[in-house]
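Take a look at the structure below.
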Amino acid sequence: MKVLMKKDLRKVGKRGEVIDVSDGYGANYLIPNGFAVLYTADAQKQFAIEKEQERQEIERKTQEAKLLAEQLKTITLEFTASAGRNGDMIGTISFKKILEALKKDHDIKLDKGQIVEKDVIINGFGLTTLKVNIFNGVIGVIRVHVSLKEKK
């Protein structure tokens, strides 16, 4: 039986491949579980249509990510922090606070997993930049400025 793989299945085949399998394996496992469909010309056309739609969706999301990266260039998030006796900042500005401020002030939703530089610690006054992978390799930069909190 020839089947067209809809999903990758280890040791069987990758998505889009046409493979020969035994009738029982194809009819009782691959097709009912959504790993494959019976190979026909119509199935091949349908797969080509789905692949084109996916390509267009990825292209659309990439364009949106590029626009968001341009928007991020114009944004500087402002934070204030207290200073210790020797003038160093007390505490740090966490990724969570940065992402919350980005969502609250600019309605931009990113998650912590998109931050590229995990080892950056914002524990000093001044300007710091964070790189974020917005989508599929499109990198944006979040600028964070920390200033001294005014004493009352």
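The values are calculated or read from the model by the stated rules, or taken from the named source; none is laboratory data. Since the structure is predicted, the reported quantities are computational estimates derived from the model, not experimental observations. Note that we place each Cβ from the backbone using ideal geometry, even for glycine, and neighbour counts take in every protein chain shown. Just the protein is used for accessible areas: all its heavy atoms, side chains included, with ligands, DNA and RNA removed. Shrake-Rupley method; radii C 1.70, N 1.55, O 1.52, S 1.80 Å.
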* Number of the exception - Gly137 against (1) over 30 Å from Lys151 (Cβ atoms); (2) at pLDDT 90 or above; (3) of a type in the set (Gly, Ala, Ser) -> (2)
* Only listed residue being at pLDDT 90 or above, farther than 30 Å from Met5 by Cα and charged (D, E, K, R), chosen from Arg143, Arg85, Arg60 -> Arg143
* Asked: Val21 passes all but one of (1) within 30 Å of Phe125 (Cβ to Cβ); (2) more than 30 Å from the chain's Cα centre (by Cα); which number fails?
  -> (1)
* Asked: Would you say Asn86 is exposed (fewer than 11 other Cβ atoms within 10 Å of the Cβ) and on the phi > 0 side of the Ramachandran plot?
  -> no
* Quick one: what pairs do we get from the stretch 67-93, first residue in contact (Cβ under 8 Å) with a residue 24 or more places away in the chain, second of a type in the set (Ser, Thr, Tyr), C-beta under 6 Å, 6+ apart or different chains? -> Thr80/Ser147
* **Selection count, the stretch 138-152, where residues are closer than 20 Å to Thr74 by Cα and not aliphatic (A, V, I, L, M)** => 4
* Asked: Does the stretch 132-142 contain at least one residue that is at negative phi, open to solvent by 60 Å² or more (accessible area, probe 1.4 Å) and more than 14 Å from the chain's Cα centre (by Cα)?
  -> no
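If we scan the stretch 20-36, do we find a residue that is in contact with a Leu (Cβ under 6 Å, 6 or more places away or on another chain), assigned to a helix (DSSP H, G or I) and surrounded by 11 or more Cβ atoms within 10 Å (Cβ to Cβ)? Talk me through it step by step, then tell me what you get.
Taking the stretch 20-36 and keeping what is in contact with a Leu (Cβ under 6 Å, 6 or more places away or on another chain), we get 35-36.
From what is left, the residues that are assigned to a helix (DSSP H, G or I) are none.
No; the residues of the stretch 20-36 include none that is in contact with a Leu (Cβ under 6 Å, 6 or more places away or on another chain), assigned to a helix (DSSP H, G or I) and surrounded by 11 or more Cβ atoms within 10 Å (Cβ to Cβ).
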* **Among (1) open to solvent by less than 80 Å² (accessible area, probe 1.4 Å); (2) out of contact with any strand residue (DSSP E or B) (no Cβ under 7 Å at 6 or more places or on another chain), the one test that Ala43 misses** => (2)
* Candidates Glu50, Glu64, filtered to the one that is out of contact with any Phe, Trp or Tyr (no Cβ under 9 Å at 6 or more places or on another chain) and either in the same structural domain as Val18 (by the TED database) or open to solvent by 80 Å² or more (accessible area, probe 1.4 Å) (or both) -> Glu50
* To do: Return the only residue of Glu117, Glu78 being outside the structural domain of Ile19 (by the TED database) and open to solvent by 100 Å² or more (accessible area, probe 1.4 Å).
  => Glu78
